[in-house]
Structures are given as structure tokens and as C-alpha cells.
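This report refers to the structure that appears directly beneath it.
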Amino acid sequence: MKKTAVFLGVSVIVAGCASMATGPQAIDWNKIPATKVALFYPGQSSYQWLRSEAHAGAAKETARGDACTSCHDDPKEEQRQGAKILRGDHPLEPHAAVLKGKNGHIDMTVQAAYDDKNAYLRFQYKTNNPNHPGNDYPGYRFDGKEWKAYGGMRLNKNVLAGKTGIVYENRVNIMLDDGKVPGFAQQGCWLTCHNGERDMQKEPTKAEVEANALMQAIKKSDVRKFIPGTRTNPMDWSTGKSLEEIAKMKANGEFLELMQWRSHRSDKVGGADDGFVLEYRNFDAGKNHFSSNMDGKTKLPKFMFDPAKFGDKAFAASDYGGKKELILIQGVNAVPFDPNAGWKEGDILPQYVLSAAGATGSAADNKAISEWKDGVQTVVFIRPLGLTNADDKALKPGGVYNVGFAIHDDNMTGRGHHVSYAKTLGIGTKADITAVKLN
């Protein structure tokens, strides 16, 4: 069942989610305690960097498992750290010059509530761009002969080289542990951020990754987030354990929950990613709220805009950053691609097409609603309680969880996000962030 509903003043497409319509819409957030969380820009800091002598003499403490906040305990610490890394001469950010104007930290408020079915996590923060909701995303541009990728985040190699425009969506991420991943409670998301990953130090070539045994086994051509326990040498991405060993870790719950709200790829269909970090940054089983708009065989887009609803069949690069939502949604403004529709050089179509009804399985567990107004982004995650899927962490009343937050703002992704130190989330029990039971 698909229907349109209005939450926080925003129309979204939802499928089979009657409980969602009565949950967050009915919450009086003015009565829910708010916790302030500071997130800072980390640059190329990594699991390896934290354990190196470059880490201001704290390598031994970090290696033995001390918490980041055992040293970084000043309330203004995040403000100083982010500004320092972006000042222009810090080794953790070699591209500070092209990031001029980027804020070193973000102050975010977090609220949590729950009822008999769901947990609700609400986030609010000011976006770096006060005049645009940050929901643009790279597209496929027709060059007169072929459809080629166009646009990238600010640290993308082609962007830095001036070969393509700066385009990327805003995101809010939650990483969650139920105590089964050693070290996450102390060092949070840094457990998953490693040298060798995209845009990080010592990034390997595509050929080097494809020649790696583990990467071959999981069919990946780049290195993304992973937890140290999936490597025989936690300091080296290339030393992957066997698939059998990794499967045993997963069965034992030794993975991190990763939930992501995406302003382009999931927001307008009321969705949020449900994934996990183990040997790689994985999606849960099933189908996401978004899928590729490129046919791998024909090398043509699958969908184009319905001119009667969008105003044209495509858009141009000059439309990025404007007021028009350049988002392709099945059943709303998308129609099958017509190769004979008179395409001209410069026409752009989105790289992804959205579908609320198309999201299935464990990958579709999470929902989200949002509002962007006067430069302030509000996002509410809706997470079912007591999930039993093999790729989920179950939230239960009385449970306390370790959490880390990240915000991708200002046309950034990958390491270009802002990140928090580890916090605790309690479902009806005391923690840094306590979810309140709704009446």
C-alpha cells in the first residue's frame, strides 16, 4: 500500500507504514529532553593515525584502548579540533585550500523517544548552506553520444582537477553497537575509519584492491569502512580474514549497525538506509529505497522525468543549487527512458531513481521524515524495536547502546563529514541520550 503523508510540513511517499503516520507526527518534541552533541571535522584521522606518534603523544593510550574523551574532555574540544584541522597547514587535511568556508564543527541536538513498536531519534542542526536543502546529487550527463557521470563531492579527484562540478547530498548517519564490538564504546567511529579507504592516506589503486583476496571474494573494487577484527593485522586493510571467519563474527553479533538518512536518495520516499559495518560497509539484505538509474547492458538511463510533472524530460548543470528538486521518483515524476526523445548535449538525469514501494526486506526496516527550514535541518529516524534479522542490532526497552553520529554537509561525503565522539543511548534507561517512553 502506498500513500502520501505530511510530516513536519513535508510531503513524503510512504509504503505500508500506518504506525509511522501516527508515531512521530504525534510526538510533542518540546516535551522530550534534548542533548547537545558537538561534531567536528576529522580530516584524514584514522584508526592507524590514532595509534601513530603523530597523534600528539597519545599513541600508547589509544592502542591500549583508552577512550578518546579521556584526553579530549573539554566542552570546547570539538570546536578547536575542527578549526585546527581546517586552518590550512595541518597534515590531516591536505586540501584545506579548496575547503575554504567549511565549518570546523557542527552543534547538533539529539532527542529520543519510543513506544511499543518503534524508537524515534530526532536530530537538528544548521546546514552550512542557509539557502539550499542540500538534496542535489551527481547525475548522468549526455555528451552528444554517451551518458557519463557528472558531479562529485568537494574532495572528489575530478572535482579537484576541475573536470566536473561540485554536487553532493547531505546525510545524517548513526553508527550503533550493543557492546559486541571491542573498542567502539571508547573510540567510536574511528574503529571503522582506516588508511587505504577512499580519500584517506595510503589509498591503494583500483588494481591493487581488485588483486586482494578478500576484495575479490566480496566483489569490491575499493576499500570502505571495516572493523579491525575482520583483518589478521588490524593496521592493514589488505590482510582480510576468510569469509568463514567473517561469517562467524557476524553470527556472533560482532558488527556495527549503520543507519543513514540521505537528503536526495531516501528523503522524499520517507526512507533511511539500514546497513552494517563488518568487513566492508554493507547494506542489509533486500532492496533500498533507491536504485541505479543506469542500465548496465545498454549504458542508457532507465528512467527520465515526466515533462508533464517535472516541466522537462531532463535538467542542466545550471539547475543544481536552485529551488527545483532534481529527484526522480517512480510513480510520481518518472517515466521509462525514451532513447528517441530528442536528447541534446548537456541534458542530465539523476543517477538514482527512488521508490518507496520498491524497498523490501531488512534493508527497508528504517523510515525517516525530515524538514529543512531557514537553514535548519530536522531529521527523525523511525526504527522498529526488537528486530530479529541477522544483519540488525535489536533495540529493546532497558537496553543501553554505544552510538556515534556523523553529518555530511556542504557537498561532502566519505571522510569529508563531521563526526562525534562515542555516546550512549538508553531506551527508557539513563544514558547520555535517554529515549523517553511515549504515553
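The values are calculated or read from the model by the stated rules, or taken from the named source; none is laboratory data. Please read these numbers as outputs of a predicted model, since none were measured by experiment. When we count neighbours, we look across all protein chains shown, and the Cβ atoms used for this are built from the backbone with ideal geometry, even at glycine. The accessibility values were calculated without ligands, DNA or RNA, using every heavy atom of the protein model including side chains. Shrake-Rupley method; radii C 1.70, N 1.55, O 1.52, S 1.80 Å.
At the listed q of 0.11, 0.12, 0.23 Å⁻¹, the Debye profile of the range 234-319, built from one uniform point per Cα, gives log10 I(q)/I(0) equal to -0.54, -0.62, -1.20. A P(r) calculated from all alpha carbon pairs of the range 96-164, with 5 Å bins opening at zero, reads 3, 11, 13, 16, 15, 12, 11, 8, 6, 3, 1, 0 percent. Global size of the range 382-439: 14.1, 40 Å for Rg and Dmax (C-alpha atoms, Rg to one decimal, Dmax whole). Reducing the range 136-171 and the range 329-380 to their Cα centroids gives an inter-centroid distance of 17 Å.
Placing unit charges on each Cβ (+1 for Lys and Arg, -1 for Asp and Glu) gives the range 370-439 a dipole about its Cα centre, and among Ile382, Ala406, Val419 the Cα reaching farthest toward its positive end belongs to Ile382.
Average projected area of the Cα convex hull of the range 158-206, in nm²?
Values: hull surface 22.0 nm².
Projected over every direction and averaged, the Cα hull of the range 158-206 covers 5.5 nm².
Accessible surface for the range 110-209, divided over its residues, is 42 Å² per residue with a 1.4 Å probe. In this structure the amide hydrogen of Lys302, modeled in the peptide plane, comes within under 5 Å of the amide hydrogens of Met294, Asp295, none closer than 5 places in sequence on its chain.
In nm, what is the difference between 0.36 nm times the number of residues separating Lys76 and Ala149 and their Cα-Cα distance? Numbers along the way, then the final one.
On the way: separation 73, 0.36 × 73 = 26.28 nm, distance 4.08 nm.
Gain on extension, Lys76 to Ala149, equals 22.2 nm.
Multiplying the residue separation of Asp432 and Met235 by 0.36 nm and subtracting their alpha-carbon distance yields 67.9 nm.
Ordering 299-307, 400-408, 256-264 by mean Cβ neighbour count within 10 Å, with the highest value first, yields 256-264, 400-408, 299-307. Within the P(r) computed for the range 12-146, what percentage of the Cα pairs occupies the region above 25 Å? Roughly 53 percent, rounded to a whole number.
Among Lys313, Lys84, Lys163, the largest mean-square fluctuation in a Gaussian network model of the chain, built with springs joining Cα atoms closer than 10 Å, belongs to Lys163.
Backbone geometry of the range 95-105 corresponds, through the Karplus equation with coefficients 6.51, -1.76 and 1.60 at θ = phi - 60°, to 3J(HN,Hα) couplings of 10, 4, 4, 8, 9, 3, x, 6, 6, x, 8 Hz, x marking Gly and Pro.
Most mobile of Ala56, Ala247, Ala359 per a Gaussian network model of the chain (Cα springs, under 10 Å)? Largest GNM mean-square fluctuation: Ala56. In the chain, the inverse of the mean reciprocal separation of distinct Cα atoms equals 22.6 Å; this is its Kirkwood hydrodynamic radius. Near Tyr352, the amide H atoms lying under 5 Å from its own belong to Asn293; only residues 5 or more places off or on other chains count, and H is placed 1.01 Å from N. Computed from backbone phi with θ = phi - 60° and the Karplus coefficients 6.51, -1.76 and 1.60, the 3J(HN,Hα) list for the range 275-283 is x, 8, 10, 9, 7, 7, 8, 9, 8 Hz; x is used for glycine and proline. Each helix, a run of at least 4 DSSP H residues, gives -39500 (n - 2.57); summed and divided by the residues of the chain, these come to -2500 deg cm²/dmol at 222 nm.
Using 0.36 nm times the number of residues separating Ala26 and Glu371, minus their current alpha carbon distance, what extension gain do you get? Display every interim value, and only then the final one.
On the way: separation 345, 0.36 × 345 = 124.20 nm, distance 1.56 nm.
Roughly 122.6 nm would be gained on extension.
Within the accessible surface of the chain, defined with a 1.4 Å probe on protein heavy atoms only, the carbon and sulfur portion equals 49 percent. Rg and Dmax of the range 171-239, both derived from C-alpha coordinates alone, stand at 12.9, 36 Å. Annotation: amide H-H contacts under 5 Å for Arg198 (H modelled 1.01 Å from N, sequence separation of 5 or more, or interchain): Val223. Of the residues Phe255, Asn293, Ser238, the one whose Cα sits farthest towards the positive end of the charge dipole of the range 225-338 is Asn293 (charges of +1 on Lys and Arg Cβ, -1 on Asp and Glu Cβ, taken about the Cα centre).
Each of Glu210 and Arg64 was given a label point 7 Å from its Cα along the Cα-to-Cβ line. The distance between the two points is 4.6 nm. In terms of overall dimensions, the C-alpha atoms belonging to the range 130-245 reach 49, 38, 24 Å along their principal axes, ordered largest to smallest. Note on the range 54-134: Cα-Cα pairs beyond 21 Å make up 54% of the total pair count. A Cβ-based charge dipole, computed about the Cα centre of the chain with Lys and Arg at +1 and Asp and Glu at -1, lands at about 360 debye. Quick check: Cα centre of the range 387-414 to Cα centre of the range 231-265, how many Å? Distance between centres, Cα-based: 14 Å.
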